[in-house]
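The values are calculated or read from the model by the stated rules, or taken from the named source; none is laboratory data. Keep in mind that this is a model prediction, so the values were computed, not measured. No Cβ is skipped: glycine too gets one built from the backbone with ideal geometry, and neighbour counts run over all protein chains shown. Remember, those area values only see protein heavy atoms, side chains included, never the ligands or the DNA or RNA. Shrake-Rupley method; radii C 1.70, N 1.55, O 1.52, S 1.80 Å.
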Amino acid sequence: MSEVKISIVVPVYNSEECVVALCEEVDKAFADFKEYELILVNDKSWDNSWARITEMCNKNPKVIGISLRKNFGQDSALLAGLRIAKGDYVVIMDDDLQHSPSDIFKLYTECVKGYDVCFALFDDKMQKAWKNMGSWLNGKLSEKLLNKPKEIYLSPFKMIKKEVVQEIIKYPGSYPYIDATLLTVTSNLTQVHVEHHKRYKGRSNYSFMRSMIVLINHATNYSVYPLRLVTMFGVGAAVFSFILGIIYLVQYIYGSHRVEGWITIIILLIFFGGLILLSLGLMGEYIGRVFMSVNNKPQYVIEKIINHNKESK
């Protein structure tokens, strides 16, 4: 068994106002539970987040700081943290204290019952309406693309058993998505109700457009379902065109054909032209990912680690 029972991995991006409070809250929550470590992964923030992380690492040896050389994205930062985590159970949470460190033990209580993963389930989310809609859409897509159980909410706040973490970190692709990899590794999932809090300070780093880009990246990286969907659209369009051709042929034979429908033709041309471009773009996304993987695009590059006795690879 590891000397560390619980590892807490937190990706940090432009959250200098939250880092110190987060470390203090974790330290308070774990006052009677000393077998833990807190891993803060700085995803090349442009503010003073790394300075605050360094400050916390110097104060508390249980805080481990990782600084990436550039902004690789949240899931890549998480993967960097997971690969050095020593805990028998690993918690993933956000850096803005919307996930309370005191709730970690609710997840832990469920996991020790024998579950591989325990997700936090929020009854009320303290975030904008479009983010709630995005979470709902992501859940529905995950059911189709990743075979996610309908009753499970893919929360960013979760605890994962060490054996599952060891499988997740084997993922070699250039565009990691922790939840997708997790769902391919285990189906032994549960969730527990916890409170979702207001952001401690500052504002979210995710705009609507950035969230959509992340959603598209995830959708095209772990499933061929979008390609199959486009194929079904193509078959449907072909069948529609064939039926329409028969109708026009019958009209021509019986002399009822008239030169009309210019607007209809233009609309159909625009519609099917857009569908073709969408299909080409989607195929381009898949080909691009294959290209990046073949060329060994790194998932992340570590610049510096504080309070960790192993060198990064």
- Among the residues of the stretch 153-190, the number that are over 19 Å from Ala80 (Cβ atoms), open to solvent by 10 Å² or more (accessible area, probe 1.4 Å) and assigned to a loop (DSSP other than H, G, I, E, B) is 5
- All positions within the stretch 33-60 that are open to solvent by 20 Å² or more (accessible area, probe 1.4 Å), closer than 16 Å to Lys304 by Cα and over 26 Å from the mean Cα position of the chain (by Cα): Ala51, Thr54, Glu55, Asn58
- Among the residues of the stretch 95-128, write down those that are over 18 Å from Val9 (Cβ atoms) and among the aliphatic types (A, V, I, L, M). Val112, Leu121, Met126
- Query: Is there a residue being among the acidic types (Asp, Glu) and modelled with pLDDT of 70 or more anywhere in the stretch 249-270?
  - Reply: no
- Query: Got at least one residue in the stretch 73-93 being under 19 Å from Asn188 (Cα atoms), modelled with pLDDT of 85 or more, surrounded by 15 or more Cβ atoms within 10 Å (Cβ to Cβ) and in contact with a Cys (Cβ under 9 Å, 6 or more places away or on another chain)?
  - Reply: yes
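Touching a residue at least 60 places away in the same chain (Cβ under 8 Å), surrounded by 20 or more Cβ atoms within 10 Å (Cβ to Cβ) and closer than 23 Å to Val117 by Cα, is that true of Gly65?
For Gly65, the condition - touching a residue at least 60 places away in the same chain (Cβ under 8 Å), surrounded by 20 or more Cβ atoms within 10 Å (Cβ to Cβ) and closer than 23 Å to Val117 by Cα - is not met.
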- Those residues of the stretch 94-108 which are closer than 16 Å to Lys162 by Cα and open to solvent by less than 10 Å² (accessible area, probe 1.4 Å) amount to Ile104, Leu107
